[in-house]
Amino acid sequence: MSGGLALTLPSTRPQLTNSSTQQLLNVKNYAFLLAALAACAQQTPVVLAPVRMPAATATTSGSVFDTQRDDPFATTNRIDWPGPNRYRSSSGVPGPDYWQQRADYTIAASLDTGAAQLNGSVQIRYTNNSPDTLRYVWVQVDQNLYRAGSKGSALFPADSRWGVRGFQGGYDLTDVQVNGTSVRPRINDTMMRLDLPTPLTPSGGKATISIKYSFRVPEHGSDRMGRDSALFEIAQWYPRMAVYDDVRGWNTDPYLGQGEFYLEYGDVDYSVTVPAGYTVAGSGVLQNPADVLTAEQRRRLTTASRGTDVVQIITQPEAAAAKTRRVAGTKTWHFRAQHVHDVAWAGAPDFRWDATSWDGGLAQAYYEFPKAGKAWEHAAEQTAWTIRQYSQLFFPYPYPQATSVAGPVGGMEYPMFVMVHYGNDDPSSIFGTINHEHGHEWFPMIVGSNERRYAWMDEGFNTYLNAFANEARYPGQNAYPGYLKNWGDAVTAGTQSPLMTAPDNIDGAALGAIGYRKPAVVLLTLRNHVVGPDLFDSAFREYTRTWAFRHPTPGDFFRSIENSVGEDLSWFWHSFFYTTDVLDIGIESVSTRTSEGQTFAVIALRRNTSIPFPVRLRVAYADGTSQDFSLPVTIWARGNRFEAVLPVRGPVTGVRLWPDPSVPDWNPTNDTWGSPPPANPARPVTRE
Ligand SMILES: [Zn+2]
């Protein structure tokens, strides 16, 4: 979904001139000194192991933790993470016995646009690949959010984004059968338990569940579905299998509004019957174009699929004429989507329809005009651009098409199909949301994490991706300061919660910060300032590839990254995922001493919060030159104060912590000493 902040923001960082010069330190006389090169600095720093020399003062003092739990370096107990076992390996990849359930659907539904009601029947072919015998299954019945007294309606104010606006709806389920035998559904809010007439055997047992259902379509469907005059955006529109996994068994967290979805992969074959004058856009591939499209439309689609030009499948005059033309009867649109965990669709009588292609896949835009704004004439191109960007950066887009639809929903994603708000004349008025929603095709459509429990693995990973797209699309603009400010606002307002908090339990005012932007900042920080872009980028791609079409947990992500980059990052996960603390390391004092003809700067550093971090220092000399030094994060393992003893070229006139200004240190007032050397100019945060 969309996080409600413009993703394109100008840099607010001052542009500074870097007058520093780089000189490598001559280390041959100092056997205690380890010099190595760090990967990610503009100016290559000297990386130092803690220097030991005779000194009157202790190099550390004080302790900031009283219990093992407070120790930021306490190695994360891997037993807190599922596995390692035969299902989930210690290296963060699926284990040799990894399994997941499969759900294939056949759906037939008809939309009564006059009554705003959907009537349907669904057949679910469920395969039990688990090693367990199942005597019952759980099914998600999301429309029950709109029943009077639902849990979600109690939690979210009626007029809020997730609120139900006083709408009374919910599923009407009839004729529920398993393997042809009627069963009595037991419904708990948005979850339904079905007891199986015969147990489902392990390792491949199959059951067929069939349900007839109907529901009234809400005008405002918690900003995930809805309608606007004759336009219908339809999602969460059929009973869907809850996930049964090796971590929690049945995942029965209800649909409350703010939390999203966790669903099983399979193939979905669906047919929707709508008034004959309607055009339908949906997940998957249209199976019966000859029944619902004109010969001219089919010819235009073929042209669009073979090139990179945007082709109008339904032109503006054709859409305008369709708006007033009355067509009797109905038509059925038949789609099929493979390797997906959900499908959604939209229908309207007066869609304009543009299409282009990239790498053989269609990129399409459907919009009412002029209501959607002239920006939407760029939507097909923006969609294709987005798919190409993320395919090249992270993982090839595996689906045959990508669709963007304009409507009342502010921004919501489904496989191959996203809903995006109306725009204005400016193409950038919709780009951020189109780019964001299609970014979700990678997380959580391709990588199927549990977004009902972990917003950071869904919105957070996607916002991280969006930073790359944003900087590529608009060179010179940088979303990062906006990400930081959004996080900072939640810190100031006291609305933060740890990233591991389930999305429904995050303060609504902080959802953008905690679900989206803090995780993006944290991942960029890990990439740029801890691990280095080269190692992190390959680790992140490896994680994406390994867990494509699977169900990773946070532990799988943490293990996967640690194994790829070769570091125990317990302190990082602990600091940024399990606490709400912020980084504040400062310079306490600077002095100089000489030993055996070598000048040393003694820089006392203090860690003012629980969060450790590898230190990067830039010292300035009287001749206007400067030199960078790095200290590993483990300098903080023994306390909150550390004296860095740095071999320098002469008297030091100033010191600056974090020569790269994108380190998210919360308190800049203690980051400099003397006449500090300039910081690096603000640069793209997604650079190599
Ligand atoms: Zn989103």
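Key figures for this structure:
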quantity	calculated
Residue within region 381-397 that is away from the ligand (no atom under 16 Å from the Cβ), outside any helix (DSSP H, G or I) and under 14 Å from Asp228 (Cβ atoms) present	no
Criterion (of a type in the set (A, V, I, L, M, F, W, C), within 14 Å of the ligand (Cβ to nearest atom) and within 23 Å of Glu542 (Cα to Cα)) met by exactly one of Ala520, Ala472	Ala520
Per-region count, region 343-372, residues among the small types (Gly, Ala, Ser), under 15 Å from Met416 (Cα atoms) and touching a helix residue (DSSP H, G or I) at 6+ places or on another chain (Cβ under 9 Å)	6
Scan of region 152-178 for residues that are surrounded by fewer than 20 Cβ atoms within 10 Å (Cβ to Cβ), closer than 16 Å to Met191 by Cβ and under 26 Å from the mean Cα position of the chain (by Cα), ordered by number	Leu155
The lone exception for Arg452 - which of (1) within 15 Å of the ligand (Cβ to nearest atom); (2) under 16 Å from the mean Cα position of the chain (by Cα); (3) modelled with pLDDT of 95 or more it fails	(3)
In region 475-499, residue farthest from the ligand (Cβ to nearest atom) [restricted to those that are surrounded by 23 or more Cβ atoms within 10 Å (Cβ to Cβ) and not in a helix (DSSP H, G or I)]	Asn478
Selected residue [open to solvent by 10 Å² or more (accessible area, probe 1.4 Å) and more than 30 Å from Pro659 (Cβ to Cβ)] from Asp534, Asp504	Asp504
Residue under evaluation Val633, criteria (1) under 30 Å from His574 (Cα atoms); (2) open to solvent by 30 Å² or more (accessible area, probe 1.4 Å), criterion not met	(2)
Selection from region 342-358 of residues that are assigned to a loop (DSSP other than H, G, I, E, B) and either open to solvent by 20 Å² or more (accessible area, probe 1.4 Å) or within 20 Å of Glu381 (Cα to Cα) (or both)	Pro349, Phe351
Single residue of region 308-327 satisfying the filter (in a loop (DSSP other than H, G, I, E, B) and at pLDDT below 95) that is surrounded by the fewest Cβ atoms within 10 Å (Cβ to Cβ)	Arg326
Yes/no for Gly460 being farther than 25 Å from Trp376 by Cα, among the small types (Gly, Ala, Ser) and within 14 Å of the ligand (Cβ to nearest atom)	yes
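The values are calculated or read from the model by the stated rules, or taken from the named source; none is laboratory data. In this text, all values refer to a predicted model and were calculated from it rather than measured experimentally. All Cβ positions, glycine included, derive from the backbone under ideal geometry; neighbour counts span all protein chains shown. Just so you know, the surface numbers come from the protein's heavy atoms only, side chains and all, with ligands and any DNA or RNA stripped out. Shrake-Rupley method; radii C 1.70, N 1.55, O 1.52, S 1.80 Å.
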